[in-house]
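Just below is one structure, and these are the notes that go with it.
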Amino acid sequence: MSTENVLEIRGLKSSFFTDKGEVPAVNGVDLVIPRGKIVGLVGESGCGKSMTAKSVMGLLKYPGRIVEGEILLGGKDLTKLSDRELREHCGKDISMIFQEPMTSLNPVLKVGRQVQETLLVHDKNIGKEEAKRQVIDIFKKVGIPEAEKRYSCYPHELSGGLRQRVMIAMAMVCRPALLIADEPTTALDVTIEAQILRLMKDLCRQNNMSVLIITHNLGVVAEICDDIYVMYAGKIMEHAPVFELFDHTRHPYTKGLLASIPRIGDNPEFLHTIPGVVPNMLHLPKGCAFANRCELVQERCRSQMPELVTAAPDHECRCFLALEEEDQNGTGRKGGGDR
Amino acid sequence: MKVILKRFLSIIPVLLGVIVMIFIMLRIVPGDPAAILLGEHVSPDTVERLTKSMNLDQPMGVQLLSYIWNALRGDLGMSYTMKRPVTELILGAFPYTVKLSLMAAVFAWAVGLISGIIAAITQNRIPDRLFMGFSLAGVSVPVFMTSLFLQYMLAFKIRAFSLTSDGSLYSMILPAIALGWNSAGSIARMTRSSLIEVMQADYIDTARAKGLARRAVILGHALKNSMLPVITMMALQLSSMMSGAVITESIFAIPGIGRLATEAIQKRDMPLLQGTVLFTTVIVVVGNLIADLLYSVLDPRIRKEA
């Protein structure tokens with residue numbers, strides 16, 4: 001395997017086993033995170049993007065579990081590790097920040113202690129004083145004002161933006177090779193969102209760290225990502241570097257997503273949507289999962305799932321049309337008047 | 001500090017209200033205490049003399065005020081039947097009740113917490129089902145059943161304990177288990193559901209993502225949060241036990257507050273009944289206060305609000 005990739009996910013399948021049957025929330029995902037790059041995983045609610053992240057961190061809760069596939073961290077398959085062995089990597093080599101900074105910090109423990117804990121768990125020899133010094137250090141790095149004072153604050157005493165900075169500090173304090181950020185800015189104001197994104201980008205560049213950012217917000221992706229994966233109903237639909245994806249969008253679903261971004265100058269009476277809803281994962285349609293919502297659906301789409309094919313250099317797309325029709329009307333950004 | 005004082009002052013109106021209500025209720029009940037006290041076959045003259053000496057001929061308001069005034073000085077009147085100061089009787093009985101309640105509470109807390117935690121971490125598996133089955137039995141079997149069962153099995157059949165208690169610690173074990181059984185069941189159930197709920201919280205994922213082992217997550221992060229509702233319940237249970245376990249004390253012949261109250265009711269000993277009810281009210285109110293304060297010690301968010 002290439003040493004350039006911090007994380008490689010191969011054929012990952014994670015399912016919930018409910019009374020009604022198996023729900024394959026992540027259904028054969030391949031994803032590669034090169035060192036020092038920011039990779040975006042984009043999709044609607046319920047498409048399996050958070051499940052993918054949780055599979056990596058071993059955070060799937062009963063009745064969910066990884067069914068098959070490999071998650072390679074520096075050549076080591078995380079799915080083969082025991083929980084104890086996996087915990088040694090979590091927080092140290094890979095760390096994760098969550099969507100909701102309001103509920104992701106333990107309300108009864110001081111934030112400084114919560115960050116310090118990460119250090120203490122992974123470095124048995126570090127003294128408490130030294131750990132505290134490092135925590136205050138990282139607090140300063142992530143832009144928390146009055147770091148010494150904030151150390152002994154409880155989460156409820158901090159604003160949402162500060163809490164997310166604490167979360168980032170917690171994730172960064174052991175200098176991981178990979179940071180997984182699950183909707184890190186969804187719960188924040190737009191102004192704070194920009195600050196947090198910039199912070200993550202800077203930290204990534206400074207430490208040669210990789211980031212997997214999970215979001216439904218294509219604006220966020222355009223802002224900071226190098227590489228983008230578009231996910232739908234548990235499968236990767238399209239994968240390309242950021243400029244390639246925005247300039248030469250191939251998959252009808254990605255086009256729909258892009259068209260759904262409201263833009264100043266559009267008819268304000270009307271917001272573009274992709275008609276229909278995500279299919280029931282319990283009874284996935286036989287063919288392409290997106291067929292029922294696709295404007296360009298063909299007969300074969302309903303009976304056969306297209307493969308993820310390389311449509312152009314570095315550009316993969318899971319659609320029969322990807323190879324045939326080269327770049328139909330570019331970005332698909334015209335959206336907004338015809339429905 | 002200010003909060004504590006404020007909460008403390010807020011119990012005064014509660015106590016006053018309770019005094020007034022007990023006072024009125026006991027006067028509404030039919031029957032002339034003096035006549036009952038003297039029994040049958042006495043002349044109306046004698047009854048009247050006693051009524052006067054007991055101040056029962058005074059207007060109710062005057063009786064109430066003088067009762068409150070005396071109560072504030074620690075004088076709850078003389079027991080009609082035992083001819084001794086009510087305060088003295090209560091203070092004599094209270095140590096037994098305290099001993100019984102503390103033992104019962106320690107039993108209930110230990111058993112309840114431990115089985116609740118075990119049940120929570122083995123959710124829906126065999127240990128969980130087992131403990132929850134037991135706790136359901138604990139919650140639903142009435143205390144007199146438990147008492148009689150324990151007496152029959154451990155005192156009568158096995159003869160490891162005596163049937164009734166003589167006040168020694170050893171002899172209090174059976175009544176303490178009987179009394180604590182229900183509480184243990186409810187503590188176990190509450191601990192379990194609270195811990196399971198907390199384990200779903202986002203910050204548990206955060207702790208796991210940090211690399212904490214399961215045990216460290218449960219002990220360091222989940223337990224303190226899940227204890228918030230449980231602690232309140234434990235404190236309330238203790239204070240309600242302290243206010244006299246009427247049934248347990250009667251069955252095991254423990255001369256505590258509960259027995260005192262039962263006797264007072266049976267013999268229509270008004271000062272004694274008033275005294276015990278007032279006393280138990282104080283215990284419960286103070287218990288609630290302590291529960292509230294404990295809560296704020298555990299939860300920084302409440303500390304802040306206050």
- Subset of the stretch B:9-39 (residues that are assigned to a helix (DSSP H, G or I), over 19 Å from B:Val277 (Cα atoms) and without any contact (Cβ under 8 Å) to a residue 40 or more places away in the chain): B:Leu9, B:Ala34, B:Ala35, B:Leu38
- Message: Quick check on this structure: which one of B:Gly167, B:Gly138 is touching a Phe, Trp or Tyr at 6+ places or on another chain (Cβ under 9 Å) and outside any helix (DSSP H, G or I)?
- Response: B:Gly167
- Query: Inside the stretch B:172-288, counting only helices (runs of 4 or more DSSP H) that do not spill past its ends, which hold 3 or more residues that are farther than 30 Å from A:Ile97 by Cα?
  - Reply: B:173-199, B:223-242, B:246-251, B:257-266
- Task: Please go through the stretch B:119-135 and pick out each residue that is within 15 Å of B:Ser194 (Cβ to Cβ) and either free of Cβ contacts under 8 Å to residues at least 24 places away in the same chain or hydroxyl-bearing (Ser, Thr, Tyr) (or both).
- Result: B:Ser135
- Name the single residue, out of those in the stretch A:215-234 being part of a strand (DSSP E or B) and out of contact with any Leu (no Cβ under 8 Å at 6 or more places or on another chain), that is farthest from A:Leu179 (Cα to Cα). A:Tyr232
- Query: Do we have A:Ile97 as within 14 Å of chain B (Cβ to nearest Cβ), in contact (Cβ under 8 Å) with a residue 40 or more places away in the chain and crowded, with 17+ Cβ neighbours inside 10 Å here?
  - Reply: yes
- Query: Among the residues of the stretch B:39-97, which ones are out of contact with any Gly (no Cβ under 7 Å at 6 or more places or on another chain), open to solvent by 50 Å² or more (accessible area, probe 1.4 Å) and aromatic (Phe, Trp, Tyr)?
  - Reply: B:Trp69
- Message: Residue pairs, Cβ under 7 Å, 6 or more apart or interchain, first in the stretch A:199-226 and without any contact (Cβ under 8 Å) to a residue 40 or more places away in the chain and farther than 13 Å from A:Leu257 by Cβ, second open to solvent by 10 Å² or more (accessible area, probe 1.4 Å) and not acidic (Asp, Glu). List them.
- Response: A:Asn207/A:Arg175
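Does A:Ser104 satisfy being more than 8 Å from chain B (Cβ to nearest Cβ) and in contact (Cβ under 8 Å) with a residue 24 or more places away in the chain?
So A:Ser104 does not fit the description; no.
For A:Gln114, are the conditions met, namely being touching a residue at least 12 places away in the same chain (Cβ under 8 Å), assigned by TED's automatic domain parsing to the domain that holds A:Met167 and open to solvent by 50 Å² or more (accessible area, probe 1.4 Å)?
Criteria not met by A:Gln114.
Quick test for you: out of A:Ile138, A:Ile144, A:Ile126, pick the one residue that is under 26 Å from A:Ser50 (Cβ atoms) and more than 11 Å from every other protein chain (Cβ to nearest Cβ).
A:Ile138
Report whether or not B:Glu263 is of a type in the set (D, E, K, R) and either within 14 Å of chain A (Cβ to nearest Cβ) or surrounded by 24 or more Cβ atoms within 10 Å (Cβ to Cβ) (or both). Reasoning before the result, please.
Values: of a type in the set (D, E, K, R): yes; either within 14 Å of chain A (Cβ to nearest Cβ) or surrounded by 24 or more Cβ atoms within 10 Å (Cβ to Cβ) (or both): no.
Considered against the rule, which asks whether it is of a type in the set (D, E, K, R) and either within 14 Å of chain A (Cβ to nearest Cβ) or surrounded by 24 or more Cβ atoms within 10 Å (Cβ to Cβ) (or both), B:Glu263 comes out as no.
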- Item | Only one of B:Leu273, B:Leu238, B:Leu278 that is surrounded by 17 or more Cβ atoms within 10 Å (Cβ to Cβ) and either under 19 Å from B:Ser186 (Cβ atoms) or at pLDDT below 85 (or both) | B:Leu238
- In the stretch A:239-255, is there at least one residue being in a helix (DSSP H, G or I), in contact with a Lys or Arg (Cβ under 9 Å, 6 or more places away or on another chain) and open to solvent by 50 Å² or more (accessible area, probe 1.4 Å)? no
- Note on the structure: From the option list A:Lys37, A:Lys20, A:Lys80, A:Lys61, single residue qualifying as away from chain B (no Cβ under 14 Å) and at pLDDT below 90 is A:Lys20
- Query: Hey, among the residues in the stretch B:145-162 that are part of a helix (DSSP H, G or I) and of a type in the set (Ser, Thr, Tyr), which one's most open to solvent (accessible area, probe 1.4 Å)?
  - Reply: B:Tyr152
- Message: Among the residues of the stretch B:231-245, are any within 30 Å of B:Ser171 (Cα to Cα) and within 14 Å of chain A (Cβ to nearest Cβ)?
- Response: yes
- Select from the stretch A:170-207 the residues that are among the hydrophobic types (A, V, I, L, M, F, W, C), in a helix (DSSP H, G or I) and over 19 Å from A:Leu7 (Cα atoms) and list them in ascending order. A:Met170, A:Val190, A:Ile192, A:Ala194, A:Ile196, A:Leu197, A:Leu199
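Table: residues versus (1) surrounded by fewer than 24 Cβ atoms within 10 Å (Cβ to Cβ); (2) assigned by TED's automatic domain parsing to the domain that holds A:Asp19; (3) within 27 Å of A:Phe17 (Cα to Cα).
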| residue | (1), (2), (3) |
| --- | --- |
| A:Ser50 | yes, yes, yes |
| A:Lys61 | yes, yes, yes |
| A:Ile66 | yes, yes, yes |
| A:Gly69 | yes, yes, yes |
| A:Leu73 | yes, yes, yes |
| A:Leu81 | yes, yes, yes |
| A:Arg87 | no, yes, yes |
| A:Lys92 | yes, yes, no |
- Scanning the stretch B:126-135 residue by residue, the ones that are open to solvent by 80 Å² or more (accessible area, probe 1.4 Å) and modelled with pLDDT under 90 total 1
- Note on the structure: Going through the stretch B:51-83 in order, the residues found to be under 23 Å from B:Ala261 (Cβ atoms) and among the aromatic types (Phe, Trp, Tyr) are B:Tyr67, B:Tyr80
- Query: Failed condition for A:Gly160, given (1) crowded, with 18+ Cβ neighbours inside 10 Å; (2) touching a residue at least 40 places away in the same chain (Cβ under 8 Å), with all others met?
  - Reply: (1)
- Kindly provide the set of residues from the stretch B:191-233 that are within 26 Å of the chain's Cα centre (by Cα), surrounded by 21 or more Cβ atoms within 10 Å (Cβ to Cβ) and not basic (Lys, Arg), ordered by number. B:Thr191, B:Ser194, B:Leu195, B:Asn225, B:Ser226, B:Met227, B:Val230
- Query: Which of the residues belonging to the stretch A:210-248 are modelled with pLDDT of 90 or more and polar (S, T, N, Q)?
  - Reply: A:Ser210, A:Thr215
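The values are calculated or read from the model by the stated rules, or taken from the named source; none is laboratory data. Everything numeric in this text was worked out from a predicted model, so none of it was measured. Neighbour counts are summed over all protein chains in view; Cβ atoms, including those assigned to glycine, are modelled from backbone coordinates with ideal geometry. Side chains are part of the model used for accessible areas, which takes the heavy atoms of the whole protein and leaves out ligands, DNA and RNA. Shrake-Rupley method; radii C 1.70, N 1.55, O 1.52, S 1.80 Å.
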